[in-house]
1. If only one of ILE142, ILE126 is closer than 24 Å to ASP211 by Cβ, touching a Gly at 6+ places or on another chain (Cβ under 8 Å) and either exposed (fewer than 15 other Cβ atoms within 10 Å of the Cβ) or β-branched (Val, Ile, Thr) (or both), which one is it?
2. With the requirement that a residue be over 18 Å from ALA101 (Cβ atoms) and either in contact with a Leu (Cβ under 6 Å, 6 or more places away or on another chain) or among the polar types (S, T, N, Q) (or both), what does the range 146-197 give you?
3. Please pick out the residue among GLU179, GLU160 that is farther than 22 Å from LYS48 by Cβ, in contact with a strand residue (DSSP E or B) (Cβ under 7 Å, 6 or more places away or on another chain) and in a helix (DSSP H, G or I).
4. Can you run down the residue pairs with Cβ atoms below 9 Å, 6 or more apart or on separate chains, where the first is in the range 93-121 and under 14 Å from ASP69 (Cβ atoms) and not assigned by TED's automatic domain parsing to the domain that holds LYS204 and the partner is assigned to a strand (DSSP E or B) and at pLDDT 95 or above?
5. Select, from TYR39, TYR72, the only residue that is aromatic (Phe, Trp, Tyr), touching a strand residue (DSSP E or B) at 6+ places or on another chain (Cβ under 9 Å) and either crowded, with 16+ Cβ neighbours inside 10 Å or modelled with pLDDT of 85 or more (or both).
6. Looking only at the range 149-194, which residues are under 18 Å from ALA95 (Cα atoms) and either in contact with a Phe, Trp or Tyr (Cβ under 6 Å, 6 or more places away or on another chain) or in contact (Cβ under 8 Å) with a residue 60 or more places away in the chain (or both)?
7. Taking the range 8-28 on its own, how many of its residues are farther than 19 Å from TYR215 by Cβ and within 24 Å of the chain's Cα centre (by Cα)?
8. Do we have GLU135 as touching a residue at least 12 places away in the same chain (Cβ under 8 Å), of a type in the set (Asp, Glu), in a helix (DSSP H, G or I) and over 20 Å from MET65 (Cα atoms) here?
Amino acid sequence: MESSNLTLHTWFTAFLLMSATKKGFSCLEFQRQLGFSRYETAFNLMHKIRSIMGKRDSTYMLKGMVEYDEAYVEKAVDEELKNQLKRGKGSLRQAIVAVAAESTPLEDENTGEKSNQCGFFKMKVIPDASASSVEGFVNDAIDKESVLITDKNQAYVNLEKLVECHIKVKSSEKSTNDELNWVHTAISNLKKNLLGIYHMVTEKYLQNYLDEFVYKLNRRFFGEKLFDRLIIAAIQTNV
């Protein structure tokens, strides 16, 4: 907020709007609510706040049992170029997002039924799904004393060197619903969020949208306190 031409009232209203809903605001609605005459002003303000969210979450690492996989997210590309690019997994029409989720195993004392409880999440755009890109994310995002759960992708072959234990499960409908349930649930919700509100985002700004999504997901039980915590994060963070 320092040296900004915007009033404190405008800043605090922006923080309130950005924390008021789990799903987020479109930039046009944000512009309308704040009464900005220029779209660019609303756009830049939203991304400054998203940057705050991302930097706040970058201060911690995931611990314990951690699920990992990648998401392939459709990104905005030039219409003429889009028609020349192939569809499907690995297409240049898609951005690759590394996704990790803390997952605590639970067992019902009465029925013996097993389930997993989710903790915190992390998401980051990576240049490709190669071993070096995945290992870079795991090294930065996951504590070395954690147990990492992935499928049997060849890119994950050396991850056991970065964590205490690496468990590899066969990729199937069962593993999606069991061992890797929370990471795939997060991926599904992310795609619905991006398509439902923003429709299509450029790769340049995708990380900011991920930061907002994950920040709110990690604080899903904060309720009205989310506004206060966002203000505190803004005070403590340099953008």
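1. ILE126
2. Within the range 146-197, GLN154, ASN158, SER172 qualify.
3. The conditions single out GLU160.
4. none
5. Answer to the check: TYR72.
6. VAL183, HIS184, ALA186, ILE187, LEU190, LYS191, ASN193, LEU194
7. 1
8. Considered against the rule, which asks whether it is touching a residue at least 12 places away in the same chain (Cβ under 8 Å), of a type in the set (Asp, Glu), in a helix (DSSP H, G or I) and over 20 Å from MET65 (Cα atoms), GLU135 comes out as no.
The values are calculated or read from the model by the stated rules, or taken from the named source; none is laboratory data. Quick caveat, the model's predicted, so the values are computed rather than measured. With ideal geometry, Cβ positions are generated from the backbone for all residues, glycine too; neighbour counts draw on all protein chains shown.
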